[in-house]
């Protein structure tokens with residue numbers, strides 16, 4: 001199979017490339033010019049046969065440039081949300097040239113990417129969701145927050161067309177005094193905001209690949225052990241689990257919306273009542289994808305085989321209690337926890353496990369494909385220099 005993967009500077013793209021590369025796929029990787037000031041990390045992978053720079057997604061020539069790069073390939077896998085949305089909108093154009101785009105249709109993707117539109121669908125399917133409101137301005141938000149009781153979560157309904165770090169998409173509001181500034185910040189990005197009750201607890205994810213009849217080809221569950229930012233960012237340490245209830249909720253929701261292709265359904269498990277509450281659906285590949293690969297589920301390979309018409313029985317077999325870390329951000333997570341205090345013995349145990357515990361695979365650094373990890377370090381250092389000296 002000849003496969004083109006976008007977003008070469010994204011760690012998820014690297015995970016997709018490695019998963020397909022070990023299976024012998026012929027891989028081309030592309031990245032947009034604004035994100036290729038430094039060499040994109042995925043370009044350094046031994047599994048990438050060819051790499052290309054395209055114009056920015058906002059450039060009028062972007063789609064034609066991407067089409068030219070994709071010609072001769074069997075499948076195009078967009079990685080970031082914005083690339084998924086853009087490519088799927090032009091699916092017919094790519095398919096005219098024999099290039100498969102194995103993602104759900106644009107209407108379904110837009111409906112799940114908009115959290116406010118997703119919530120009624122989840123409730124109708126019997127999936128627990130936090131109390132959620134769409135405030136009509138700051139005054140309304142202040143009134144709602146009082147009823148919910150602090151802390152509350154203020155978040156964007158959708159991050160379409162925005163390239164934001166996870167911590168920029170939401171705010172945890174601890175008091176009435178904090179709400180106005182955060183409301184103004186987020187509403188400047190997108191006028192449609194959500195105000196939710198804050199669910200205290202760990203994050204969990206349900207990963208799934210569905211066929212064209214919304215039947216599961218592969219499923220996977222994971223638990224977030226650490227995150228960065230610690231208030232609720234991407235996982236820095238996670239583990240595979242088997243969880244019947246989490247699987248039931250995830251499948252029930254995806255079947256209710258007749259989903260096809262890949263998705264990650266994100267939940268938080270409440271410390272108060274032990275219930276799973278829906279946070280969002282990611283209609284794309286997810287950050288902890290390498291964990292599934294290490295545990296025995298090669299989602300990108302199964303995804304591409306399905307796109308090529310291969311029929312596969314449902315597979316739910318994988319190793320539980322496998323762990324994955326992203327060491328660069330996991331160190332920051334541990335440091336943040338130490339600064340915050342209050343974890344004492346637990347923090348010390350984490351550090352001892354870090355130093356003396358069993359080896360845990362990393363999502364970027366891989367001794368069988370070392371160059372992306374080395375380039376990642378080089379790029380991080382270069383970006384630090386750019387920041388310190390205000391270089392462009």
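Values in this text are rule-based calculations from the coordinates and carry no lab data. From a predicted model like this one, the values you see are computed outputs, not experimental measurements. Ideal geometry is used to build each Cβ from the backbone, glycine not excepted, and the neighbour counts take in all protein chains shown.
Relative contact order of the stretch 237-348, please, whole-number percent, based on alpha carbon pairs below 8 angstrom and at least 6 residues apart.
Dividing the mean separation by the residue count of the stretch 237-348 yields 31 percent.
Name the residue, out of 319, 339, 202, whose mean-square fluctuation peaks in a Gaussian network model built on the chain with Cα pairs under 10 Å.
With Cα springs under 10 Å in the chain, the top fluctuation among 319, 339, 202 is at 339.
Using alpha carbon centroids, what distance separates the stretch 13-29 and the stretch 268-319, in Å?
Centre-to-centre (Cα) distance: 18 Å.
Please build a GNM for the chain, connecting alpha carbons under 10 Å apart, and tell me which residue among 292, 19, 125 fluctuates the most.
Per the Cα network of the chain with a 10 Å cutoff, 125 tops the list.
Calculate the FRET efficiency for residue 33 and residue 340 from the Cβ-Cβ distance with a Förster distance of 45 Å, rounded to the nearest 0.05.
Using R0 = 45 Å, I get an efficiency of 0.70.
What percent does the relative contact order of the chain come to when contacts are Cα pairs within less than 8 Å and at least six residues apart?
Here the relative contact order equals 16 percent.
Tell me, what is the FRET efficiency for residue 255 and residue 389 to the nearest 0.05, using R0 = 35 angstrom and their Cβ-Cβ distance as r?
So the FRET efficiency works out to roughly 0.10.
Any chance you could run the full-extension gain for residue 149 through residue 123? It's 0.36 nm times the residue separation minus the Cα-Cα distance, nm to one decimal.
Stretched out fully, the residue 149 to residue 123 stretch lengthens by 7.1 nm.
Fewest to most neighbouring Cβ within 10 Å: what's the order for 308, 322?
By the 10 Å Cβ count, ascending, the order reads 308, 322.
Starting from one equal scatterer on each C-alpha and no solvent at all, send me the Debye-based log10 I(q)/I(0) for the stretch 2-101 at q = 0.13, 0.15, 0.21 Å⁻¹, two decimals.
With one equal scatterer per Cα and no solvent, log10 I(q)/I(0) is -0.38, -0.51, -1.04.
Given points 7 Å out from each Cα along the Cα-Cβ axis, report the residue 2 to residue 367 separation in nanometres with one decimal.
3.6
Over the stretch 235-342, how many percent of alpha carbon pairs lie in each 5 Å bin up to the one with the longest distance?
2, 9, 15, 21, 22, 14, 8, 4, 2, 1, 0
For the residues 221, 157, 367, what sequence is obtained by ranking on other C-beta atoms within 10 Å, fewest first?
367, 157, 221
Under a point spin-label approximation (7 Å from Cα along Cα-to-Cβ), what is the residue 211-residue 331 distance to one decimal in nm?
For the pair residue 211/residue 331, the computed spacing is 4.7 nm.
Give me the distance in nm between label points sitting 7 Å out from Cα along the Cα-to-Cβ direction at residue 105 and residue 161, one decimal.
2.4
Tell me the mean residue ellipticity at 222 nm calculated for the chain from its helices only (DSSP H runs of n ≥ 4, each -39500 (n - 2.57), averaged over every residue, nearest 500).
The helix-only estimate for the chain comes to -11000 deg cm²/dmol at 222 nm.
For the stretch 97-178, state the semi-axes of the equivalent ellipsoid (square roots of 5 times the eigenvalues of the alpha-carbon gyration tensor), sorted largest first and rounded to whole angstrom.
Here the semi-axes work out to 31, 17, 10 Å.
If you wrap a convex hull around the alpha carbons of the stretch 39-174, what volume per residue comes out, as a whole number of Å³?
Spread over its residues, the Cα hull of the stretch 39-174 gives 174 Å³ apiece.
In nm², what is the average projected area of the convex hull enclosing the Cα atoms of the stretch 131-197?
Averaging across all directions leaves 3.9 nm² for the Cα convex hull.
When you have a sec, figure out the Kirkwood radius of the chain from all distinct Cα pair distances and drop it here in Å to one decimal?
22.0
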